[in-house]
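All remarks here apply to the structure that follows.
The values are calculated or read from the model by the stated rules, or taken from the named source; none is laboratory data. Just so we're clear, the structure is a prediction, and the values are computed from it rather than from any experiment. So basically every Cβ, Gly included, is an ideal-geometry build from the backbone, and we count neighbours across all protein chains shown. Surface areas here come from the heavy atoms of the whole protein model, side chains and all, with no ligands, DNA or RNA. Shrake-Rupley method; radii C 1.70, N 1.55, O 1.52, S 1.80 Å.
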Amino acid sequence: MSAIAILGCMWGDEAKAKIVDYLGDRADYVVRFQGGSNAGHTIVLEGQKYVFHSVPSGILYPKTKCLIGPGVVIDPLDLVQEIQDLEACGLNFAKRLIIDEKVGIVLPLHQTLDDNNEAQLKAAKIGTTRRGIGPAYADMTARSGIRLGDLAHPAYLKQRLRELYLYHGLSSHKDAIQHDYAQLREAWKSLQQYTASVENILHEARISGANILFEGAQGSLLDRIWGSYPYVTSSNTIVDAIGIGSGFSARLLDEVLGVFKAYATRVGEGPFPTQIEGPLADKIRQQGHEFGATTGRPRRIGHFDAVMAAYTARLNTLDGIALTLLDVLSGIEELKVCVGYKYKSRVLTTPLAHPLELSKVEPLYLDLQGWDADLSKVRSLDTLPHNARIYLEAIEDLLKLPIKIVSVGRERNQTFKTSFE
Ligand code: IMP
């Protein structure tokens, strides 16, 4: 058996799903353990486009089982729609999708709260995906949230909904309560067939020697504790979230693979020390299709930040790196990798926790020469241009980790292994 974690190690959108898809052919199980439909990605396979928000991307392999662990929050109606859309593309879910009965439920109320918060915030507007993720997790922590298993118990569900609205000072919103109740009961008709204990299944999977892939959502720098708080998501995204969010202890992992882009991006607000603007950022944004999959927002662009990357490498106890979108850097004359931050005449090699301080650091760069060649057909390290190899070696040296997988395009076959077994 092998248990491998694939984790985004920056601010999300590192093309994790591409790596999960690349390694997915050998996975018996692909597991989501945190986040919700704030995640989003599209996989193109033989000309067919598949859009994912909550369903693990392993569903593309006909024998792989896809698990949604209790650390995830779902919007039941959206999930039913996502399943129907993927079924319409020819994918089969029967006995292959398992959703834990303990997952938290995102309601329209949570989206309204998310919108209202964003409209009112002054000190730190977050720039959320407006999917209601933060308010839904807040309710789970406050013990006022609804769980998927509640949908099976009509009277209990109705009472829980009333008490949730009461908790938010909205007990007079009787129509909304009735509306949520009816919608959740309707969604349950579709979802009950998928509901089971993910922990039990993973326990059996381990005993039987199955191969398990854990698919992280968002990235380590969006972790609600370890990321650039308050500009973060509301779940934990680092490796230890696997145990909490699936019941499969992170102690049992054989390999933790950190996914990084060859440059940096961030969507939403918050400090981004290596951010660049102007023609170079525009070029990378266009070449890398850097527009949010969930919101369509243009992503902010920056140089590779080895200070942040080394920090998340150690938080996640990474064994190796998957470097994605290397092809996007072709045609850039001079590349920069951030190796330190200058702050008040001190040189720092770890990030500062406070957003006001982090937003004032001055990045210190290592300058490297770029390359012109199109990389889209490259399938091995030795056929990469010399300067691209130097670029990869610089990242390996700075992070003291091997780059085990490299990806140079959107198609499944545009990824190659350097040392991954
Ligand atoms: P929320 O998760 O919708 O509450 O948004 C909180 C922050 O996380 C915002 O900056 C979002 O842009 C960011 N975020 C959430 N999900 C993703 C993702 O899948 N990729 C990149 N950023 C994300």
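Screening ASP25, ASP21 for residues that are more than 15 Å from the ligand (Cβ to nearest atom), open to solvent by less than 20 Å² (accessible area, probe 1.4 Å), at pLDDT below 95 and closer than 18 Å to SER407 by Cβ leaves exactly one candidate, ASP21. Among the criteria (1) part of a loop (DSSP other than H, G, I, E, B); (2) away from the ligand (no atom under 16 Å from the Cβ); (3) open to solvent by 40 Å² or more (accessible area, probe 1.4 Å), the one ASP13 does not fulfil is (2). Out of ASP78, ASP114, one residue alone is out of contact with any Lys or Arg (no Cβ under 6 Å at 6 or more places or on another chain), within 16 Å of the ligand (Cβ to nearest atom) and of a type outside the set (A, V, I, L, M). It is ASP78.
Look at LEU323 and say whether it is within 20 Å of ARG410 (Cβ to Cβ) and open to solvent by less than 60 Å² (accessible area, probe 1.4 Å). Talk me through it step by step, then tell me what you get.
On the way: within 20 Å of ARG410 (Cβ to Cβ): yes; open to solvent by less than 60 Å² (accessible area, probe 1.4 Å): yes.
In short, yes.
In region 153-212, of all residues being under 18 Å from ALA136 (Cα atoms) and in contact with an Asp or Glu (Cβ under 6 Å, 6 or more places away or on another chain), the one that is most open to solvent (accessible area, probe 1.4 Å) corresponds to ARG160. Go through region 218-257 and give me each residue that's in contact with a Leu (Cβ under 8 Å, 6 or more places away or on another chain), within 10 Å of the ligand (Cβ to nearest atom) and aliphatic (A, V, I, L, M). Hit for region 218-257 is VAL232, nothing else.
ARG314 falls short on exactly one of the conditions (1) farther than 21 Å from THR349 by Cβ; (2) without any contact (Cβ under 8 Å) to a residue 12 or more places away in the chain, and that condition is (1). Being assigned by TED's automatic domain parsing to the domain that holds TRP11, at pLDDT 90 or above and touching a strand residue (DSSP E or B) at 6+ places or on another chain (Cβ under 6 Å): is that true of LEU91 here? Criteria not met by LEU91. For THR317, the test of being on the phi < 0 side of the Ramachandran plot, β-branched (Val, Ile, Thr) and out of contact with any Pro (no Cβ under 8 Å at 6 or more places or on another chain) is failed. Is it the case, given these coordinates, that LEU109 is hydrophobic (A, V, I, L, M, F, W, C) and within 16 Å of the ligand (Cβ to nearest atom)? Against the criterion (hydrophobic (A, V, I, L, M, F, W, C) and within 16 Å of the ligand (Cβ to nearest atom)), LEU109 qualifies.
Within region 83-134, being of a type in the set (Gly, Ala, Ser) and buried (at least 16 other Cβ atoms within 10 Å of the Cβ) holds for GLY104, GLY127, GLY132, GLY134. Just so you know, in region 258-297 the residues that are buried (at least 21 other Cβ atoms within 10 Å of the Cβ) and of a type in the set (S, T, N, Q) include one that is nearest to the ligand (Cβ to nearest atom), and it is THR265.
A search for C-beta distances below 6 Å between a residue of region 113-131 that is closer than 17 Å to LEU77 by Cβ and any residue that is open to solvent by 70 Å² or more (accessible area, probe 1.4 Å) and within 11 Å of the ligand (Cβ to nearest atom), counting only pairs 6+ apart in sequence or on different chains, returns ASP114/ARG130.
Residue-by-condition table, conditions (1) in contact with a Leu (Cβ under 8 Å, 6 or more places away or on another chain); (2) over 15 Å from ILE332 (Cβ atoms); (3) surrounded by fewer than 17 Cβ atoms within 10 Å (Cβ to Cβ):
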| site | (1), (2), (3) |
| --- | --- |
| THR350 | no, yes, yes |
| GLU357 | no, yes, yes |
| GLY370 | yes, no, yes |
| LYS377 | no, yes, yes |
| THR383 | no, yes, yes |
| TYR391 | yes, no, no |
| ILE395 | yes, yes, no |
| ILE405 | yes, yes, no |
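ALA293 meets all of the listed conditions (1) at pLDDT 95 or above; (2) part of a loop (DSSP other than H, G, I, E, B); (3) among the hydrophobic types (A, V, I, L, M, F, W, C); (4) under 23 Å from PHE52 (Cβ atoms) but one, namely (1).
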